[in-house]
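Before anything else, here's the structure in question.
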Amino acid sequence: MTHHTTSASEVFLVLVPTLSAAGAEGLPAGVRLFDPGVAEGQGDATRFTPANLPMSGHVAKAMLAQFVQLARESKTVADVSAFASGVYEDFHKNTTHAIKDQIQAAVQGEDAAAKALERTLSKAQTELCLAWALEDVARELKGLEARLDDQWKTFEQNLGMDGDDALDDDGLGLVEGKPSLVPSGPAVPARMILDAVLAFLPEGCGLFSRDAALRADWEEFGVTFAPASEATLARFGLEAQGAWLEAEAEGRRLCLSRRADPEKAWQARSVTVLVPAGS
């Protein structure tokens with residue numbers, strides 16, 4: 001599979017916190033979806049797949065399949081995360097990077113800093129695969145909820161119920177007996193997704209979000225938005241002056257952290273973020 005990677009001179013915005021295409025309808029041309037190595041399709045210019053992902057597509061997809069299965073069976077993200085930690089360890093041991101590290105360490109000694117970064121990026125990729133899996137399952141549940149609503153309406157109509165009918169005890173019991181699903185399901189916290197995306201975001205690229213709750217969180221962490229300049233719009237290929245707000249902020253603020261992690265250089269780097277003016 002061929003993935004779209006970035007050149008040193010190419011800049012774009014990456015959508016957060018959503019990863020999958022299902023929640024990305026109508027995105028501006030300058031915005032891409034982040035692919036942690038699991039997307040299908042060839043040469044998709046709407047996606048950004050980092051060239052430095054530690055795990056190969058084959059390994060990432062195998063991990064994704066396990067996460068999806070677990071997410072279908074779990075009620076909380078804690079259940080999934082606990083399992084994910086063990087899966088990460090198993091998969092990382094078999095990556096080409098891990099094998100290469102072992103050979104290099106045996107031959108010339110271990111570069112502790114490089115190995116630590118490799119491990120951090122592997123964990124970031126794992127978290128993004130987990131987020132992708134949970135989005136998939138949330139969509140499944142949402143689809144089931146919609147079908148259940150349709151079937152339940154038909155059931156009520158067959159019983160001769162409508163909104164103006166006074167229900168007897170039996171009828172009320174039937175209506176209240178409608179099964180309840182939880183379409184949201186477990187999800188990876190936005191701060192983890194943001195930190196993982198920033199770990200792979202190329203220099204000069206930025207973030208884009210249409211999530212009003214995330215914008216509010218950013219503002220709570222000191223991110224200040226103002227009307228996007230013509231230069232910024234031109235840089236990222238956006239149109240409609242006045243429709244966008246921009247901010248420049250440290251990575252640690254964008255991943256909702258009060259202080260930067262000294263082992264994560266991207267948290268100290270300044271990043272551009274754009275949001276719709278009306279969000």
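The numbers here are math on the coordinates, done by the rules we state, and not lab data. What you are looking at is a predicted structure, and each value in this text was computed from that prediction instead of being measured.
Restricting things to alpha carbons, find the Rg to Rh ratio for the stretch 179-270 using the Kirkwood radius for Rh. Could you put the intermediate results ahead of the total?
Numbers: Rg = 15.1 Å, Rh = 14.7 Å.
Reported Rg/Rh (Cα atoms, Kirkwood Rh): 1.03.
Checking a compactness column here: for the stretch 223-279, what do you get for Rg(Cα) / (2.2 N^0.38 Å), N being the number of residues?
Values: Rg = 12.9 Å, N = 57, 2.2 N^0.38 = 10.2 Å.
Relative to the rule-of-thumb radius for its length, the stretch 223-279 sits at 1.26.
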